[in-house]
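Undergrad: My questions will all concern the structure given below.
The values are calculated or read from the model by the stated rules, or taken from the named source; none is laboratory data. For clarity, every value in this text was computed on a predicted model and none was experimentally measured. Note: ideal-geometry Cβ built from the backbone for every residue, glycine included; neighbour counts use all protein chains shown. Ligands, DNA and RNA are stripped out before the accessible areas are found, and what is left, the full protein with its side chains, is counted by its heavy atoms. Shrake-Rupley method; radii C 1.70, N 1.55, O 1.52, S 1.80 Å.
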Amino acid sequence: MASWGRRSTAVAHHMRAFFTANKTAQIRIGTRRYPFFNPAVSSALVPRPWPSIINMTSLFLVNRFTSSVAGSQAGSRHADDDNDDNLVKKELAVKMYSDMVTLQIMDTFFYEAQRQGRISFYMTSSGEEAINISSAAALGKDDIIMPQYREHGILLWRGFSLQEFANQCFGNKDDVGKGRQMPIHYGSSKHNFITVSSPIATQLPQAAGVAYSLKMDKKDACVVAFIGDGGTSQGDFHAGLNFAAVMEAPVIFVCRNNGWAISTPISEQFRSDGVAVKGQAYGIPSIRVDGTDALAVYSAIRAARNMAVNEQRPVLVETLAYRVGHHSTSDDSTKYRSLDEIEQWKTDRDPVNRFRKWVELNGWWSEREETELRSNLMRAIQVAEGRRKPPLTELFTDVYDLPPSNLVEQEKQLRETINKYPIDFPSDVSL
Amino acid sequence: MLGVVRQKMLGQSLPKIRPVVSVLRSYSSAAKQMTVRDALNSALDEEMSADPKVFLMGEEVGEYQGAYKISKGLLEKYGPERVRDTPITEAGFAGIGVGAAYYGLKPVVEFMTFNFSMQAIDHIINSAAKSNYMSAGQMSVPIVFRGPNGAAAGVGAQHSQCYAAWYASCPGLKVLTPYSSEDARGLLKAAIRDPDPVVFLENELLYGESFPVSDEVLDSSFCLPIGKAKIERVGRDVTITAFSRMVGHALKAAEILEKDGIDAEVINLRSIRPLDRSTINASVRKTNRLITVEEGFPQHGVGAEICASVVEESFAYLDAPVERIAGADIPMPYAANLERIAVPQVEDIVRAAKRACYRSVPLAAAA
């Protein structure tokens, strides 16, 4: 079919970026461009462990960011000349790897749960585990996260338990969100993770606002706002970035460019050279990085954070990856892209496998840990499903700081009706 | 007149008719006059000095001293960190305000007119209004969105719409509509101190109008309660509800009606959400007739909500059909003669009140 063909090539374009030394296939660090994947390493389709990346260590030395605002500052700076081996020690690497695996398994289990009708909705972050976990690892716990909707890995890293995830998805009485939000729309002020808001890109100008407040408080923290490739088309993207630059707000904009916005490939989303150039247009230092490489993302975000906090300015990080899963459980992506393409990314460019090889090479992980992880997760889901849903009181609270008179009255009326007709009242709603 | 019929609806008992005298916070003996503009300016000034978390943001609020000079002198006094001029992006600065409020600051976001708030309405409704609920109380949004609302003079369709009904239909928001300088001061202070998001609808034509203010009103701790209407004029024969500029029209209409022997009670709503249903219903139970007045479009307007409330709670007390006076159901025209016809005038209120009192045939009866 004509449209099929068009779509495939559109995505192939995105894929090709990873395999050839195309213009868009380059890692740009400062003014220098490095081929994203060394063509000399011909086994391009085989997951390469650390050794192949070592050939291009310079890729991951975040040497320079440059901003190219016409007329104003075009500064460049040198970051520390760290070898990545020193940046990620064993403890950190093991935690990163186990969280990536947990995220992957958790996504699979919840996806299946939705398919079985046990929860209403779910979104996986398959293919983007490295972006999630490495970003979280590179940030501090005081850094405020303003997610889009595919960053639950960060919550996981910060200590949101499997049980809490399950509670939110099932909307039971132990849900920290009191059963108010649909699945995936997590929020936890304790973990500095702002509640997920569905309208796309609204979190971007809001991030500038939070960052401005942090700046006024002179805190040693920044805001990290996430957006997808599709979200960069929204008006709020423009307003948010422009404003953050003008206000010199310490915010890191992380664009998860995974090639797809539901069924819209990036070639139909924008005609610019990806998203990094958009950041530049606003006078924001920008970098593009391989999102399937956990260590690359880690060092890029680390450097971005230092810049944002020490120089009090926004930074844009574009991470290139591929959305292996469907957009959500309401989507069947085989309708607009080929199975082969999905399989290829799933097996050959899986960020988890890639990182495992590095971790195993260092002797830091084994099968036993893997099995233990899976059984813990299964248990959490079973427990969550069995719990009761939130009580009636939670229907009326939090609309305002204090309950308004009309809601107080309405609740009173409702309870009186329940007392009068107890048999008709559903048994799964506790009072 | 119908006798009082006790009705029990689902166990809800009738609220007592509150004594009217206590509600009469009359303008005291002080002769001091203050324009609404100065009232707003002084309220902002006092709240900003009392709480360092309060800051003002909007187009032209700083260097230009405010598009309507409401923020005059504030940039000089508090500096550019607390009085921020913004680029032209309502979506941008409304979003930034919401973000700042998530973090714990208290932004006052000014829209040049609420017509432009349409470009930011997603942040107001989907973020500001709903966040506290969606986050189960973890994220409150103590923000105030303020600016002129409703018709001005000769500015056409995109500068003249009244948004009271739109914002007031959304749970999670509070919507205030000051009329006098006392209202402006008291309600703005209350709005800034309130932990919930507030939409504060001013009126451009009222900015220059002067009202008497007592010493109590001028005190920096002065604050009006949100959700309480004010009975501007006590009457016996017909209740007229109004808000913002229409309160002035209603009061003038009441003077004209008095000469014809009709004693009108004028209620200044002050707060559209929460709506002071008990004051309105108590008044209707006393007078048995109701006219609602608003500048906005008639369909799904504030008057529709008031009519429904009265029919639900005080139906047996009504002696005449309820009538709504609203702006014409058209985008506002520019030509002065057409504009005049498109907005409620004092004569419209007088005629409607007479119809309610059966001095002429009510519209409903004529159908």
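Undergrad: List every residue pair whose Cβ atoms lie under 8 Å apart, where the two residues are 6 or more positions apart in sequence or sit on different chains, the first residue falls within segment B:171-185 and is within 12 Å of another protein chain (Cβ to nearest Cβ), and the second residue, located anywhere, is among the acidic types (D, E).
TA: B:G172/B:D196; B:L173/B:D196; B:K174/B:D194; B:K174/B:D196
Undergrad: Using the structure shown, decide if B:E202 is buried (at least 21 other Cβ atoms within 10 Å of the Cβ), within 22 Å of B:E47 (Cβ to Cβ) and of a type in the set (D, E). Before the answer, list the steps.
TA: Values: buried (at least 21 other Cβ atoms within 10 Å of the Cβ): yes; within 22 Å of B:E47 (Cβ to Cβ): yes; of a type in the set (D, E): yes.
Criteria met by B:E202.
Yes/no per residue for (1) at pLDDT 95 or above; (2) surrounded by fewer than 19 Cβ atoms within 10 Å (Cβ to Cβ); (3) among the hydrophobic types (A, V, I, L, M, F, W, C); (4) over 23 Å from B:A164 (Cα atoms):
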| residue | (1), (2), (3), (4) |
| --- | --- |
| B:G301 | yes, no, no, no |
| B:A308 | yes, yes, yes, no |
| B:Y317 | yes, no, no, yes |
| B:I325 | yes, no, yes, no |
| B:I330 | no, yes, yes, no |
| B:R340 | no, yes, no, no |
| B:P344 | yes, no, no, no |
| B:A356 | no, no, yes, yes |
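Undergrad: Let me ask something additional. Please determine, by comparing only the residues of segment A:177-210 that are more than 8 Å from every other protein chain (Cβ to nearest Cβ), among the hydrophobic types (A, V, I, L, M, F, W, C) and open to solvent by less than 20 Å² (accessible area, probe 1.4 Å), which one is farthest from A:V315 (Cα to Cα).
TA: A:I184
Undergrad: In segment B:76-126, what count of residues is obtained for those that are facing chain A (nearest Cβ under 8 Å), in contact with a strand residue (DSSP E or B) (Cβ under 9 Å, 6 or more places away or on another chain) and in a loop (DSSP other than H, G, I, E, B)?
TA: 3
Undergrad: Do any helices (runs of 4 or more DSSP H) lying entirely in segment A:344-431 carry at least 2 residues that are surrounded by 13 or more Cβ atoms within 10 Å (Cβ to Cβ), facing another protein chain (nearest Cβ under 10 Å) and out of contact with any Asp or Glu (no Cβ under 7 Å at 6 or more places or on another chain), and which ones are they?
TA: Details: elements: A:351-361, A:367-386, A:405-420.
Hits in segment A:344-431: A:405-420.
Undergrad: For segment A:134-150, how many residues are within 14 Å of chain B (Cβ to nearest Cβ) and over 19 Å from A:R323 (Cα atoms)?
TA: Number satisfying all stated conditions: 5.
Undergrad: Of a type in the set (F, W, Y), open to solvent by 40 Å² or more (accessible area, probe 1.4 Å) and more than 10 Å from every other protein chain (Cβ to nearest Cβ) - does that describe any residue in segment B:157-169? Write out each step before concluding.
TA: Going through segment B:157-169, the residues of a type in the set (F, W, Y) turn out to be B:163, B:166-167.
Applying the additional criterion that residues be open to solvent by 40 Å² or more (accessible area, probe 1.4 Å) yields B:166.
Narrowing the set further to residues that are more than 10 Å from every other protein chain (Cβ to nearest Cβ) leaves B:166.
The answer is yes; a qualifying residue exists.
Undergrad: Working carefully through the options B:R236, B:R185, B:R273, find the one that is touching a helix residue (DSSP H, G or I) at 6+ places or on another chain (Cβ under 8 Å), open to solvent by less than 10 Å² (accessible area, probe 1.4 Å) and among the basic types (K, R).
TA: Details: B:R236 fails: open to solvent by less than 10 Å² (accessible area, probe 1.4 Å); B:R273 fails: open to solvent by less than 10 Å² (accessible area, probe 1.4 Å).
The conditions single out B:R185.
Undergrad: Do the conditions hold for A:S272, that is, is it within 30 Å of A:D331 (Cβ to Cβ), touching a helix residue (DSSP H, G or I) at 6+ places or on another chain (Cβ under 9 Å), more than 8 Å from chain B (Cβ to nearest Cβ) and in a loop (DSSP other than H, G, I, E, B)?
TA: Yes, satisfied.
Undergrad: Identify all residues within segment B:80-121 that are over 29 Å from B:V155 (Cα atoms) and open to solvent by 20 Å² or more (accessible area, probe 1.4 Å); write none if there are none.
TA: B:P80, B:E81, B:R82, B:Y102, B:Y103, B:G104, B:K106 - these are the residues of segment B:80-121 that are over 29 Å from B:V155 (Cα atoms) and open to solvent by 20 Å² or more (accessible area, probe 1.4 Å).
Undergrad: Something else now. Within segment B:127-156, can you find the residues that are more than 22 Å from B:E59 (Cα to Cα), more than 8 Å from chain A (Cβ to nearest Cβ) and open to solvent by less than 10 Å² (accessible area, probe 1.4 Å)?
TA: B:A129
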